[in-house]
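Please read the structure below before turning to the comments.
Each reported figure results from applying straightforward, stated rules to the coordinates on display, with no laboratory input. Just so you know, these numbers come straight off a predicted model, no measurement behind them. Backbone-built Cβ (ideal geometry, glycine too); neighbour counts: all protein chains shown.
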Amino acid sequence: MEMDAPRRRGRPPVNRTEAAPAAAPEAAPVTATAEEPADSAKPTRRRKRGDVAGMSLKLAAPAREGYVRRWFNDSNNRIAEAGELAYDHVKDPSIQSSGSDSRISRLVGTKANGEPLRSYLMETPLEEYERGTADREEFNRRVDEAITTGSDFTGQMPQSETYGRGSIQRDR
């Protein structure tokens, strides 16, 4: 057996001593008929190919007018906290979900114990969202004012003892 090229992984060696296989008969040229023009586009049954360039958003979801949508990870009681902030689960059958129930969810990672981490799409009415934003801004304004004046807005320290000291208030 004579070999012309070095053997490559996964390919059999080329054997030049065997006869070449017979050539397949040429197919007749395709011509257009009166019923079907040559340039007609036939529908294909091939599915749409996914974006492999890395530019697709994994947590993209359509907006809903009058609502603000956010994704919440199912860890550290975040779903229950979102429920307390007037967020409800989105249950739209037209949105792709990786979960088996009617709530829209996607796999986003792994928890510390090895279980899959899911993120759920939730929404709140725009009025509730704006109210929550206003409350957060008021809190931040009070903190900024306390820093500027050197006072303690929590009321835990007397006014005379705030220089060089401070108190820490943690949100949940």
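Within region 87-120, count every residue that is of a type in the set (Ser, Thr, Tyr), more than 17 Å from Pro62 (Cβ to Cβ) and not in a loop (DSSP other than H, G, I, E, B).
Selection size over region 87-120: 1.
So, Asn113, is that one exposed (fewer than 15 other Cβ atoms within 10 Å of the Cβ), under 28 Å from Ala134 (Cα atoms) and either of a type outside the set (Asp, Glu) or within 16 Å of the chain's Cα centre (by Cα) (or both) or not?
Details: exposed (fewer than 15 other Cβ atoms within 10 Å of the Cβ): yes; under 28 Å from Ala134 (Cα atoms): no; either of a type outside the set (Asp, Glu) or within 16 Å of the chain's Cα centre (by Cα) (or both): yes.
Here the answer is no, as Asn113 does not meet what is asked.
Can you tell me which residue is surrounded by the most Cβ atoms within 10 Å (Cβ to Cβ) among those in region 121-151 that are in a helix (DSSP H, G or I) and of a type in the set (A, V, I, L, M, F, W, C)?
Within region 121-151, the first condition is being in a helix (DSSP H, G or I), and the residues that meet it are 126-149.
The next check asks that each one be of a type in the set (A, V, I, L, M, F, W, C); those that pass are 126, 134, 139, 143, 146-147.
On the way: Leu126: 13, Ala134: 10, Phe139: 13, Val143: 13, Ala146: 17, Ile147: 11.
Selected residue: Ala146.
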